[in-house]
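Here is the structure we will look at.
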Amino acid sequence: MSYTIALDFEDGATRFIKCKDTESVVDAAYRQGINIPMDCREGACAACKCRVESGSYALGDYIDDALSADEAAQGYALACQMRPTSDCVVRIPADSSVCNTRQESYTANIREVRRLSDSTFSLVLQGEALRQLLFLPGQYANLQVPGDGAHHRAYSFSSMAPGGDTASFLIRNVPGGRMSGFLADRAQAGDPIALSGPFGSFYLRPIQRPVLMLAGGTGLAPFLAMLDKVVAAGGSPHPIHLIYGVNSDGDVVETERLEAFARLIPNFSFAVCVVDEDSRHARKGYVMQHIEPAHLNDGEVDIYLCGPPPMVEAVARHLREIDVKSASFHYEKFAASAA
Ligand SMILES: Cc1cc2nc3c(=O)[nH]c(=O)nc-3n(C[C@H](O)[C@H](O)[C@H](O)COP(=O)(O)OP(=O)(O)OC[C@H]3O[C@@H](n4cnc5c(N)ncnc54)[C@H](O)[C@@H]3O)c2cc1C
């Protein structure tokens with residue numbers, strides 16, 4: 001049995017797909033050239049959470065962290081698990097341009113690997129093929145680990161130069177990690193590297209109110225791309241405040257770039273905070289300790305949060321505890337790849 005599913009996107013576009021009762025909405029959409037943003041495809045990450053406006057369906061298998069009983073009761077579902085049992089209208093929390101952007105594979109070459117600190121690499125790829133790689137600021141690519149079979153790792157673009165022949169990334173040096181080991185020991189300028197993308201629904205929406213950006217470690221990367229985009233757009237109509245938190249002074253990178261953004265975007269400000277009590281930085285502690293009432297603007301704020309899963313979960317929990325109801329809330333967890 002096959003049903004008609006109307007996919008309603010954030011930008012108002014609607015696309016119709018046919019979905020068999022035996023396949024997930026994500027798979028049916030993909031078959032018909034639409035990439036609904038998703039990460040795990042296993043009902044675990046919640047990246048494909050959508051709201052079913054009408055129709056009946058089976059929710060499929062998922063974990064409670066990805067979809068709570070309350071959300072399920074309110075009509076939310078995970079598109080990677082949901083199977084229709086009638087025609088449905090499904091609201092996809094993403095712009096149609098993201099979903100229509102085909103995820104392609106590219107080969108580029110390493111232009112530069114630089115150690116910004118003991119804990120962080122900057123990787124710049126270059127290649128004619130990259131001119132075709134369009135993405136929204138905040139999205140990520142999957143990079144294949146060179147010389148290591150089919151292993152790939154997700155990395156957010158850390159700069160935005162649409163139509164250019166380069167792509168940049170900010171990469172944490174994870175001791176013993178496959179990609180980290182490659183970058184630390186073997187990577188040479190000119191090495192080929194395969195990548196695919198773009199992926200993800202963590203991208204900068206039109207700025208219609210103040211924006212609060214919360215970054216943990218290399219979770220700074222997507223914000224650098226977003227701020228590039230703001231500069232290219234000639235600035236922001238509303239204040240943007242970034243709080244960038246790391247564990248120790250050695251993890252603080254790209255502050256010169258942040259200072260440059262502060263010069264180029266008059267209503268952009270940022271604060272760096274470091275967990276280590278012996279830090280030379282004035283602000284100690286975690287990101288959430290440096291969120292001020294003014295940043296939250298009585299809830300009339302768009303919040304973007306990115307970093308390692310424990311940081312994202314702690315900040316999200318804190319915002320719930322202090323009962324912040326922001327106009328919108330977007331997050332990306334830099335989850336480790338499955339072994
Ligand atoms: C959507 C998305 C976007 C991402 N974007 C970025 C990005 O822009 N920059 C970035 O640095 N990372 C990013 N990541 C994480 C990245 O994909 C890799 O997981 C990470 O770089 C480790 O890869 P590796 O090959 O070096 O280590 P692996 O070989 O994957 O891991 C080696 C060991 O270290 C553990 N491990 C992996 N990561 C961590 C960690 N953070 N803390 C502690 N232990 C860990 C693993 O479980 C494993 O046991 C992103 C992840 C996702 C899902």
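The values are calculated or read from the model by the stated rules, or taken from the named source; none is laboratory data. The shown structure was predicted, so the numbers you read here are calculated from the model rather than taken from an experiment. Quick reminder, even Gly has a Cβ in these numbers, built from the backbone with ideal geometry, and neighbours come from all protein chains shown. For accessibility, only protein heavy atoms count, side chains too; no ligands or nucleic acids. Shrake-Rupley method; radii C 1.70, N 1.55, O 1.52, S 1.80 Å.
Okay, here's what the table says:
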item: Those residues of the stretch 193-206 which are open to solvent by 20 Å² or more (accessible area, probe 1.4 Å) and in contact with a strand residue (DSSP E or B) (Cβ under 6 Å, 6 or more places away or on another chain), in sequence order; result: Ala194, Ser196, Phe199
item: Of the criteria (1) over 22 Å from Glu10 (Cα atoms); (2) assigned to a loop (DSSP other than H, G, I, E, B), which one Asn109 fails; result: (2)
item: Residue in the stretch 104-111 that is open to solvent by 60 Å² or more (accessible area, probe 1.4 Å), more than 16 Å from the ligand (Cβ to nearest atom), among the aliphatic types (A, V, I, L, M) and in contact (Cβ under 8 Å) with a residue 60 or more places away in the chain present; result: no
item: Scan of the stretch 175-192 for residues that are within 13 Å of the ligand (Cβ to nearest atom) and open to solvent by less than 80 Å² (accessible area, probe 1.4 Å), ordered by number; result: Gly177, Met179, Ser180, Gly181, Phe182, Leu183, Ala184, Ala187
item: Residue in the stretch 328-336 that is within 16 Å of the ligand (Cβ to nearest atom), outside any helix (DSSP H, G or I), over 13 Å from the mean Cα position of the chain (by Cα) and aliphatic (A, V, I, L, M) present; result: yes
item: Residue tally, condition part of a loop (DSSP other than H, G, I, E, B) and crowded, with 16+ Cβ neighbours inside 10 Å, over the stretch 69-86; result: 4
item: Flag if Ser97 is touching a residue at least 60 places away in the same chain (Cβ under 8 Å), more than 9 Å from the ligand (Cβ to nearest atom) and hydroxyl-bearing (Ser, Thr, Tyr); result: yes
item: Any hit, the stretch 191-212, residues being modelled with pLDDT of 95 or more, closer than 22 Å to Lys284 by Cα and of a type outside the set (S, T, N, Q); result: yes
item: The lone exception for Leu136 - which of (1) in contact (Cβ under 8 Å) with a residue 40 or more places away in the chain; (2) within 8 Å of the ligand (Cβ to nearest atom); (3) in contact with a helix residue (DSSP H, G or I) (Cβ under 7 Å, 6 or more places away or on another chain) it fails; result: (2)
item: Filter result for Ser156 (part of a strand (DSSP E or B) and within 16 Å of the ligand (Cβ to nearest atom)); result: yes
item: Failed item, numbered, when Gly217 is tested on (1) within 11 Å of the ligand (Cβ to nearest atom); (2) at pLDDT 95 or above; (3) outside the structural domain of Glu292 (by TED's automatic domain parsing); (4) on the phi > 0 side of the Ramachandran plot; result: (3)
item: Matching residues in the stretch 18-33 - criterion: being surrounded by 16 or more Cβ atoms within 10 Å (Cβ to Cβ) and either at pLDDT 90 or above or outside the structural domain of Val90 (by TED's automatic domain parsing) (or both); result: Cys19, Glu23, Ser24, Val25, Val26, Asp27, Ala28, Ala29
item: Test: residue in the stretch 220-238 that is β-branched (Val, Ile, Thr), within 16 Å of the ligand (Cβ to nearest atom), under 20 Å from the mean Cα position of the chain (by Cα) and not assigned by TED's automatic domain parsing to the domain that holds Ser158; result: no
item: Residue that is charged (D, E, K, R), surrounded by fewer than 23 Cβ atoms within 10 Å (Cβ to Cβ), under 22 Å from Gln139 (Cα atoms) and more than 16 Å from the ligand (Cβ to nearest atom), where the choices are Arg263, Arg257, Arg209; result: Arg209
item: Lone unmet requirement of (1) acidic (Asp, Glu); (2) within 16 Å of the ligand (Cβ to nearest atom); (3) more than 16 Å from Asp118 (Cβ to Cβ); (4) in contact with a strand residue (DSSP E or B) (Cβ under 7 Å, 6 or more places away or on another chain) for Glu277; result: (2)
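Let's see how each residue does on (1) at pLDDT below 95; (2) farther than 26 Å from Pro206 by Cα:
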position: Met1; (1), (2): yes, yes
position: Asp8; (1), (2): yes, no
position: Asp11; (1), (2): yes, no
position: Thr14; (1), (2): yes, no
position: Ala44; (1), (2): yes, yes
position: Cys48; (1), (2): yes, no
position: Leu59; (1), (2): no, yes
position: Tyr62; (1), (2): yes, yes
